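The values are calculated or read from the model by the stated rules, or taken from the named source; none is laboratory data. Just so it is clear, the model here is predicted, and its values are computed rather than measured. Virtual Cβ from ideal backbone geometry, glycine too; neighbours counted across all protein chains shown.
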Amino acid sequence: MAAMTNPWTTRARSGDAPVEVRFGPLVGHRDDEAMQRFRHYGVGQFIHFGLYSIPGNEWHGERPSSLAPEWIRAWSGPNAPEDWPETYDRLNEVFDPTGLDAREWAQQAKRMGARYVIFTTKHHDGFALWPSAHSDYTVAQSPCDRDIVGEVVDAYTAEGIDVFLYFSVLDWHHPGYTTSMPTDEAGRRGWREFLEYTRAQLLELLERYPAARGLWFDGTWDASWVASYEFTYRLEQELRERRPGLIIGSRFRNDEHGSRHFDSNGALLGDYEQGWERKLPADHSMLSGNDWDGVMTIGPNAWGFMRDTGDQYQKTADDLIDLLMRCRSMGGNLVVNFGPDGEGRMTAYEGEIADELGAWVAENADAVYGAGHVDLGRTDMGWLTGDGERLFLTVVNRPVTGIARLRFGADAARVPVRARLLASGKELELRRTDIGFDLDAAVHYDAVIPRDFAADRAFVIEFELGPAGARAADRAAAHM
């Protein structure tokens, strides 16, 4: 078998011959309208909300030692409350997020510059945030009795923000779910019932929410799901037939050899790489031309609401700007996670982050949305994006020399002919600099950053590109 190492750190493969894969990718590299739209999203929002938002990672003053808030039902050990799983499973009886206003969420996301949202329809606890006809554990069995998924889809769509539906396959509530393939007939029957239940809920989501553009899957790592590759292959076919243009990430299923995200020969299983969770590619070459997004928490690893973050570091707007432009420099989107509290309210800090990030994105939109990877060497000053006619340098580390220097090969067909600060439009002096390194025919272009220019966070220099052969005439004309 053509073995792969960890696909999120390297794409090195053995020299073995390709293996036969019958349950591999159903689609190749897509270039339709839906995927082109995906490539230009730039900024996304993830929302983790559910029963786990009520405890907020603690219960009567006690906290799990190592669980993320959305995993709190799995709490065990000496400080876990007595009969905790049963206590948690009855939280639906008090679930009533009266402070949840999906329109406010969507407006906040709009201010942040988000072009799409990923919303948790059902997490690992099995509680559905829509009145599913296939489950007895939904908002319909709670004081809430609202279609929260529907409210989110409608509110975000009204703001022009595309909606992707998060769906956890792993389900602690369904009696037929098991982590490994059952060996007895009763267990196998329960697993078959679970598979059909999963199919029914996914088809129900597509039918109820036709505006949703994609599905974001989680909880697909257990041996039972991995062994069900024929079922998942057919289910993906059915989902795509029901919703032409549907975008499905690489986490949904695996091939018959157990390879997840990529089949055993390295081909992507889905429309985009879905594995960049709290991690980013080392460089653009790792991606092999695949579309991707990076989903990121504000804290170290809390997706759901956390009442007390203690001394945990919370990412700043500057952190997120840096991560955003790093993603865009490699053609990916940054998706920032929000975890509303049990009442359905975003935290004050999330509001601050959204507004600060959004203000920066609005000022530098050209460098974010329509710009992507450029084939130019990396710079220690920050991140490069481009749209073919322009090159954008997001300066994260301002050079003390006041010179923003970019290196172009001697054979470059298009080179900088003009420079300005993107946010203000202020023109910058642009110089062509021949350093004269031996055996290096590269040419450098220097944008001069004014000494009196003050910036309290990253800023963008826009370089207008023109034909390399015309640069001497252009310079002469500019000084006439």
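Residues that are part of a helix (DSSP H, G or I) and among the polar types (S, T, N, Q): does segment 306-316 have at least one? Explain how you work it out, then say what you get.
So in segment 306-316, the residues part of a helix (DSSP H, G or I) come out as none.
No: zero hits.
Given Y166, Y177, Y209, which one is in contact with a Ser or Thr (Cβ under 6 Å, 6 or more places away or on another chain) and either within 21 Å of A74 (Cα to Cα) or assigned by TED's automatic domain parsing to the domain that holds D136 (or both)? Talk me through it step by step, then tell me what you get.
Numbers: Y177 fails: in contact with a Ser or Thr (Cβ under 6 Å, 6 or more places away or on another chain); Y209 fails: in contact with a Ser or Thr (Cβ under 6 Å, 6 or more places away or on another chain).
Being in contact with a Ser or Thr (Cβ under 6 Å, 6 or more places away or on another chain) and either within 21 Å of A74 (Cα to Cα) or assigned by TED's automatic domain parsing to the domain that holds D136 (or both) holds for just one of Y166, Y177, Y209, which is Y166.
Tell me yes or no: at least one residue of segment 329-349 is under 24 Å from H40 (Cα atoms), surrounded by fewer than 22 Cβ atoms within 10 Å (Cβ to Cβ) and of a type in the set (G, A, S).
Yes, some residue in segment 329-349 is under 24 Å from H40 (Cα atoms), surrounded by fewer than 22 Cβ atoms within 10 Å (Cβ to Cβ) and of a type in the set (G, A, S).
Out of V400, V395, V336, report the one residue that is of a type in the set (V, I, T) and within 27 Å of W216 (Cβ to Cβ). Let's see the steps before the verdict.
Working: V400 fails: within 27 Å of W216 (Cβ to Cβ); V395 fails: within 27 Å of W216 (Cβ to Cβ).
None of the others qualify; the one that does is V336.
Please note which helices (runs of 4 or more DSSP H) are completely contained in segment 158-267 and include at least 3 residues that are closer than 21 Å to L129 by Cβ and either touching a helix residue (DSSP H, G or I) at 6+ places or on another chain (Cβ under 7 Å) or at pLDDT below 95 (or both). Spell out how you get there, then give the answer.
Details: elements: 185-208, 223-226, 229-242.
Ranges flagged: 185-208.
Is there a residue in segment 354-365 that is closer than 21 Å to M286 by Cα, under 19 Å from the mean Cα position of the chain (by Cα) and not small (G, A, S)? Spell out how you get there, then give the answer.
Residues of segment 354-365 closer than 21 Å to M286 by Cα: none.
For segment 354-365, residues closer than 21 Å to M286 by Cα, under 19 Å from the mean Cα position of the chain (by Cα) and not small (G, A, S): absent.
Restricted to segment 281-301, and to residues that are among the polar types (S, T, N, Q) and not in a helix (DSSP H, G or I), which residue is nearest to A114 (Cα to Cα)?
Of segment 281-301, the ones among the polar types (S, T, N, Q) are 285, 288, 290, 297, 301.
Filter once more, so that each one left must be not in a helix (DSSP H, G or I): 288, 290, 297, 301.
Values: S288: 26, N290: 22, T297: 15, N301: 21 Å.
In this case the residue turns out to be T297.
So the check is Cβ under 8 Å with 6+ separation or different chains; which pairs have a first residue in segment 167-178 that's in contact (Cβ under 8 Å) with a residue 60 or more places away in the chain and a second one that's surrounded by fewer than 19 Cβ atoms within 10 Å (Cβ to Cβ) and not polar (S, T, N, Q)?
W172/A74; W172/P85; H173/D89
Each row is one residue, and each column tells you yes or no for (1) in a loop (DSSP other than H, G, I, E, B); (2) assigned by TED's automatic domain parsing to the domain that holds I247; (3) over 27 Å from the mean Cα position of the chain (by Cα); (4) under 30 Å from N364 (Cα atoms).
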| site | (1), (2), (3), (4) |
| --- | --- |
| G44 | no, yes, no, yes |
| L67 | yes, yes, no, no |
| P81 | yes, yes, yes, no |
| Y88 | no, yes, yes, no |
| V153 | no, yes, no, yes |
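I'd like to check something: does segment 240-258 contain any residue that is touching a Pro at 6+ places or on another chain (Cβ under 9 Å), surrounded by fewer than 22 Cβ atoms within 10 Å (Cβ to Cβ) and of a type outside the set (K, R)?
Looking through segment 240-258, none of the residues is touching a Pro at 6+ places or on another chain (Cβ under 9 Å), surrounded by fewer than 22 Cβ atoms within 10 Å (Cβ to Cβ) and of a type outside the set (K, R).
When only residues in segment 309-335 that are at pLDDT 95 or above and of a type in the set (D, E, K, R) count, which is farthest from the chain's Cα centre (by Cα)?
D318
Quick grid of which residues meet (1) within 23 Å of D366 (Cα to Cα); (2) not charged (D, E, K, R):
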{"residue": "A423", "(1), (2)": "yes, yes"}
{"residue": "L428", "(1), (2)": "yes, yes"}
{"residue": "D434", "(1), (2)": "no, no"}
{"residue": "A441", "(1), (2)": "no, yes"}
{"residue": "P450", "(1), (2)": "yes, yes"}
{"residue": "F453", "(1), (2)": "yes, yes"}
{"residue": "R457", "(1), (2)": "yes, no"}
{"residue": "E464", "(1), (2)": "yes, no"}
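This table checks each residue for (1) outside the structural domain of W105 (by TED's automatic domain parsing); (2) of a type in the set (V, I, T).
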{"position": "L357", "(1), (2)": "no, no"}
{"position": "D375", "(1), (2)": "yes, no"}
{"position": "V395", "(1), (2)": "yes, yes"}
{"position": "F408", "(1), (2)": "yes, no"}
{"position": "E429", "(1), (2)": "yes, no"}
{"position": "L439", "(1), (2)": "yes, no"}
{"position": "V443", "(1), (2)": "yes, yes"}
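Given R146, R73, R111, R103, which one is in a loop (DSSP other than H, G, I, E, B) and either at pLDDT 95 or above or more than 18 Å from R208 (Cβ to Cβ) (or both)? Before the answer, list the steps.
Working: R73 fails: in a loop (DSSP other than H, G, I, E, B); R111 fails: in a loop (DSSP other than H, G, I, E, B); R103 fails: in a loop (DSSP other than H, G, I, E, B).
None of the others qualify; the one that does is R146.
Among (1) free of Cβ contacts under 8 Å to residues at least 60 places away in the same chain; (2) within 26 Å of R213 (Cβ to Cβ); (3) not aliphatic (A, V, I, L, M), which single condition is F127 missing?
That leaves (1) as the condition not met.
Looking at segment 51-80, which of its residues are crowded, with 20+ Cβ neighbours inside 10 Å and at positive phi?
N57
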